[in-house]
Amino acid sequence: MAASWLQTAGTDASRKNLILRQHRRSRRQAQLRALALVAPLCIFLAVMFAWPLATMLTRAVSNDEFGAVLYRTSASLADWDGKETPPEETYADLAADLKQAGEEQKLGQVTSALNFDWTGARPLIMRTARQLSSEPENGWKEKLIEIAPDWGNPDLWALIKRLSQPYTSRHFLAALDLQQAADGSIHGVDANKAIYVTLFWRTLWVSAAVAGLCLLLGYPVAALLARLPLKTSNLLMMLVLLPFWTSLLVRTTSWIVLLQGNGVVNDLLVWLGIVGEGGRLSLIFNVTGTLIAMTHVLLPFMILPLYSVMKAIPPSYVRAALSLGASPVTAFRRVYLPQTIPGVLAGTLLVFVLAVGYYITPALVGGQSGQLISNVIAYHMQQSLNWGLAAALGSILLVGVLLVYWLFNRLTGGQGLRMG
């Protein structure tokens, strides 16, 4: 009997172990299937988002091109104390580097890096490179100082040594309107060159203003759509979504026609007698034009989150408040408005983040005073080819957006965006 019981217990234990192994195997298979389903998305995010972002952050601090061209000079300056001019060997290495750079057509990499911190660096390098054809009688040090007295300035050599480092902070300093002196101290640039901090602040307040205007215009529209019958609201929703079916370039350029000095808006104001013929309003190629055009473009992104939240609010709540003696204003303020806060927060954050990165609309209708930081980033990427500075500006902008999102989560407890 005891043997039979032991045999039965052993069989039950084996059966349990078999069931556990099958359960673990099925769980692993389910996990592998889930991983296979999300793998394309993970690869897409890694290739299209994570890798470009890492490249941008690396470019912002990378400084390998300058040292790669003047590699002999960089090695000679490694042990230089910076108090006086370098020895003769360093001047000879500089002459050899400039000769080779001229033959390989890489002098532009040297001049573009030096020009940022040393006025007149381009003509200095070009003039020096043209006069290095023959060996000097009294050594390269005397020859180079004779060609250009700047080569006898220790500050210039200190700058070359600093630029020869593989990593640099000068792009971030420049993005914050700061610069590093020859002695290593950091101070602000001249007032006529301090533009980036002003552009950052302008970008923030323009984005906040656009979000506020979109909220002011979109809230009543979303409330109306939520209260109308489904057939009517669907028809009106098509009108809200209609701008998505029109090119952004077409929508932006149409505002130029409407807002220019002899445009439709000014003609209408003159016809109504609001302004005189000689007092036409300046509504384009300034911050005003940027605000109007961006508000028009981003308004649907405010209406949609608001509508999704308002549609889920039962109308009986407001009717109950009215039946209990509350005025329409009180019913809206104490019953309806608090329930729409998640949509308000979600729409405001969405519009603000989108507005921070806009550059086509400000470029077309903003003029000089309506440009945002994104326009400067595009300029350095496409025209000046100062990718390091563009990457630094983009990194600071990214950090600012992340801080705004963190602040949003702190204020809403992480619930606002999800509920919106």
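The values are calculated or read from the model by the stated rules, or taken from the named source; none is laboratory data. None of the values given here were measured: they were computed from a predicted structure. Every residue, glycine among them, receives a Cβ derived from its backbone with ideal geometry; neighbour counts consider all protein chains shown. Remember, those area values only see protein heavy atoms, side chains included, never the ligands or the DNA or RNA. Shrake-Rupley method; radii C 1.70, N 1.55, O 1.52, S 1.80 Å.
Which whole-number percent gives the relative contact order of the chain, counting Cα pairs below 8 Å spaced six or more residues apart?
17
So for the range 160-248, taking the charge dipole from beta-carbon charges (+1 Lys/Arg, -1 Asp/Glu), which of LEU215, LEU225, GLN179 sits furthest toward the positive end?
So the residue we want is LEU225.
Measuring from label point to label point, each 7 Å out along Cα→Cβ, what is the SER169 to LYS231 span in nm?
Here the modelled spin labels are 6.8 nm apart.
With +1 assigned to the C-beta of every Lys and Arg and -1 to the C-beta of every Asp and Glu, and no other charges, what is the dipole magnitude of the range 98-142 about the Cα centre in debye, to the nearest 20?
Values: 6 positive and 6 negative charges, 36 e Å.
Dipole about the Cα centre, nearest 20: 180 debye.
List the lysines whose Cα sits under 24 Å from the Cα of LYS83, skipping any in the same chain fewer than 8 residues away.
Output for LYS83: LYS141, LYS143, LYS161.
Once you've got the GNM for the chain with C-alpha springs shorter than 10 Å, pick whichever of SER395, SER282, SER169 has the biggest mean-square fluctuation.
SER282
Which residue, SER76, PHE244, SER369, has the largest displacement toward the positive end of the dipole of the chain when charges sit on each Cβ (Lys, Arg +1; Asp, Glu -1)?
Looking along the dipole axis, the top candidate is PHE244.
Over all Cα pairs of the range 35-113, how is the pair count split among 5 Å bins, expressed in % and running from 0 up to the last occupied bin?
3, 13, 15, 14, 12, 9, 7, 7, 6, 6, 4, 2, 1
Rounded to whole Å, give me the distance from the Cα center of the range 249-305 to that of the range 225-243.
25
Mind checking Rg over Rh on the chain, alpha carbons, Kirkwood formula for Rh?
Numbers: Rg = 32.6 Å, Rh = 27.7 Å.
Reported Rg/Rh (Cα atoms, Kirkwood Rh): 1.18.
Using a 10 angstrom cutoff on alpha carbons, build the Gaussian network for the chain and name the most mobile of ASP267, ASP97, ASP155.
ASP267
Under the Kirkwood approximation applied to all pairs of distinct alpha-carbon atoms, what is the hydrodynamic radius of the range 288-420 in Å? Please list the in-between numbers first.
Numbers: mean 1/r = 0.0576 Å⁻¹.
The answer is 17.4 Å.
Per the 1.4 Å probe, what fraction of the accessible area of the chain, in percent, lies on carbon and sulfur atoms?
Working: 15770 of 24490 Å².
Looking at the chain in its full context, I get 64 percent from C and S.
Run lengths n ≥ 4 of DSSP H only: what is the helix-derived mean residue ellipticity at 222 nm for the chain, with -39500 (n - 2.57) per run over all residues, to the nearest 500? All intermediate terms of the calculation are to be shown ahead of the outcome.
Numbers: 22 runs with 293 residues, N = 420.
After summing the helix terms and dividing by the residues of the chain, the value is -22000 deg cm²/dmol.
Would you mind listing how long the range 258-357 runs along its three principal axes, going by Cα atoms, in whole Å with the largest first?
Principal extents (largest minus smallest coordinate, Cα): 57, 36, 16 Å.
Using only the Cα atoms of the range 49-193, what are the Rg and Dmax in Å?
Expressed in Å, the Cα Rg and Dmax of the range 49-193 come to 15.9, 57.
In Å², and per residue, what accessible area does the chain have when probed at 1.4 Å with the other protein chains present? Don't jump to the answer; show the numbers that get you there.
Working: 24490 Å² over 420 residues.
I get 58 Å² per residue for this part.
Pick from GLY370, GLY212, GLY261: which is most flexible by mean-square fluctuation in a GNM of the chain where alpha carbon atoms under 10 Å apart are linked?
Looking only at GLY370, GLY212, GLY261, the biggest GNM fluctuation is shown by GLY261.
With +1 on each Lys and Arg Cβ and -1 on each Asp and Glu Cβ, how big is the dipole of the chain about its Cα centre, in debye rounded to the nearest 20?
Details: 33 positive and 24 negative charges, 727 e Å.
Computed charge dipole of the chain: roughly 3500 debye.
Sorting GLU88, GLU103 by accessible area (1.4 Å probe), largest first, what list results? Provide the component values of the computation, followed by the final result.
Numbers: GLU88 70, GLU103 150 Å².
The most accessible residue leads, giving GLU103, GLU88.
Rounded to the nearest angstrom and ordered from largest down, what semi-axes does the equivalent ellipsoid of the range 23-70 get from its C-alpha gyration tensor (root of 5λ)?
Values: eigenvalues 349, 23, 10 Å².
Over the Cα atoms of the range 23-70, the ellipsoid semi-axes are 42, 11, 7 Å.
Please report, in debye to the nearest 20, how large the charge dipole of the range 49-207 is about its Cα centre when each Lys and Arg carries +1 at its beta carbon and each Asp and Glu carries -1 there. Walk me through the numbers before you get to the answer.
On the way: 15 positive and 21 negative charges, 152 e Å.
Result for the range 49-207 is approximately 720 debye, rounded to the nearest 20.
If you average over every viewing direction, what projected area does the convex hull of the Cα atoms of the range 191-327 give, in nm²? Before the final figure, lay out each step's value.
Numbers: hull surface 53.8 nm².
Spelled out: convex hull of the Cα atoms, projected over all directions, averaged, 13.4 nm².
Provide, for q = 0.09, 0.13 Å⁻¹, the log10 of I(q)/I(0) from a solvent-free Debye sum over equal Cα point scatterers in the range 129-257.
Here log10 of I(q) over I(0) equals -0.62, -0.84.
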